[in-house]
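Working notes, structure below.
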Amino acid sequence: EDQVTQSPEALRLQEGESSSLNCSYTVSGLRGLFWYRQDPGKGPEFLFTLYSAGEEKEKERLKATLTKKESFLHITAPKPEDSATYLCAGDSWGKLQFGAGTQVVVTP
Amino acid sequence: DGGITQSPKYLFRKEGQNVTLSCEQNLNHDAMYWYRQDPGQGLRLIYYSQIVNDFQKGDIAEGYSVSREKKESFPLTVTSAQKNPTAFYLCASSMGSSWDEQFFGPGTRLTVL
């Protein structure tokens, strides 16, 4: 059964304290691994797509990496505006399978 | 500005009533999707459509229905058969291929009274 698991469920960081979020997947026929950011009460906002093991993508303080079994979202020197829930999803034959998300809170 | 609109933002329904959620996009995307989000859970796919006049069931289609008569529009009806309809509903669209990123609307929060 296709499954996407994110850890930790919640993460509290001090401003400037770098950390990583994990997304492990068992999705047959994975064709892409997606990362989204979601603010409370809003729709998810697209961040990255990764297609093959070893691929990395960066955007401001965020960097996403992909291995054969998991993906990491690294947050470098976070700011309070990086507070959000980060979702990952694996594409399997036309449908996205989402993880439950990691809620990140960055305090000044 | 191109984007996806959903209406209404908040919706209240009495038990036993059907209700329709609107989703419109002006991105010229072929594919559209409906998801349900519950607290502590990931998004779950209800229905999706890759082309006008065609749609497929997702993982939790029971109690829901959709139509795709126009490329821009993909309304979702929550019927009285849906046993636990209170949730946050999200509409998304993508160019067409499943590996294209999906762009999401702002969501509709449905509460059954």
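The values are calculated or read from the model by the stated rules, or taken from the named source; none is laboratory data. Source: prediction; values computed, not measured. All Cβ positions, glycine included, derive from the backbone under ideal geometry; neighbour counts span all protein chains shown. To get the accessible areas, we keep the full protein, side chains included, count just its heavy atoms, and leave off ligands, DNA and RNA. Shrake-Rupley method; radii C 1.70, N 1.55, O 1.52, S 1.80 Å.
If we scan the range B:64-83, do we find a residue that is basic (Lys, Arg), open to solvent by 20 Å² or more (accessible area, probe 1.4 Å) and under 24 Å from A:TYR86 (Cα atoms)? Spell out how you get there, then give the answer.
So the first thing to find is which residues in the range B:64-83 are basic (Lys, Arg), and the list is B:68, B:70-71, B:83.
Filter once more, so that each one left must be open to solvent by 20 Å² or more (accessible area, probe 1.4 Å): B:70-71, B:83.
Subsequent filtering for residues that are under 24 Å from A:TYR86 (Cα atoms) retains none.
The answer is no; no qualifying residue exists.
Given (1) at pLDDT 95 or above; (2) away from chain A (no Cβ under 14 Å); (3) within 24 Å of A:PRO40 (Cα to Cα), where does B:LEU110 come up short, assuming only one miss?
Checking B:LEU110 against (1) at pLDDT 95 or above; (2) away from chain A (no Cβ under 14 Å); (3) within 24 Å of A:PRO40 (Cα to Cα), the one that fails is (2).
Could you list all residues from the range A:63-82 that are within 17 Å of A:ARG12 (Cβ to Cβ), free of Cβ contacts under 8 Å to residues at least 40 places away in the same chain and within 13 Å of the chain's Cα centre (by Cα)?
Once the filter is applied, which keeps residues that are within 17 Å of A:ARG12 (Cβ to Cβ), free of Cβ contacts under 8 Å to residues at least 40 places away in the same chain and within 13 Å of the chain's Cα centre (by Cα), the range A:63-82 yields only A:ASP82.
Within the range B:36-59, track down each residue that is assigned to a strand (DSSP E or B), within 10 Å of chain A (Cβ to nearest Cβ) and farther than 18 Å from B:GLY96 by Cα. So that I can check it myself, show each step before the final result.
Let us first name the residues in the range B:36-59 that are assigned to a strand (DSSP E or B), namely B:36-37, B:44-51, B:54-57.
After this cut, where a residue has to be within 10 Å of chain A (Cβ to nearest Cβ) as well, the list is B:37, B:44-45, B:48, B:50, B:56.
Scanning the range B:36-59 gives B:GLN37, B:ARG44.
Restricting attention to the range A:83-95, which residues are open to solvent by 10 Å² or more (accessible area, probe 1.4 Å), touching a residue at least 12 places away in the same chain (Cβ under 8 Å) and within 13 Å of chain B (Cβ to nearest Cβ)?
A:THR85, A:SER92, A:TRP93
For the range B:2-24, how many residues meet the condition of being more than 12 Å from the chain's Cα centre (by Cα) and closer than 17 Å to A:PHE46 by Cα?
Going through the range B:2-24 one residue at a time, the tally reaches 2.
Which condition number in (1) away from every other protein chain (no Cβ under 14 Å); (2) not in a loop (DSSP other than H, G, I, E, B) is the one that B:TYR89 fails?
Single failed check for B:TYR89: (1).
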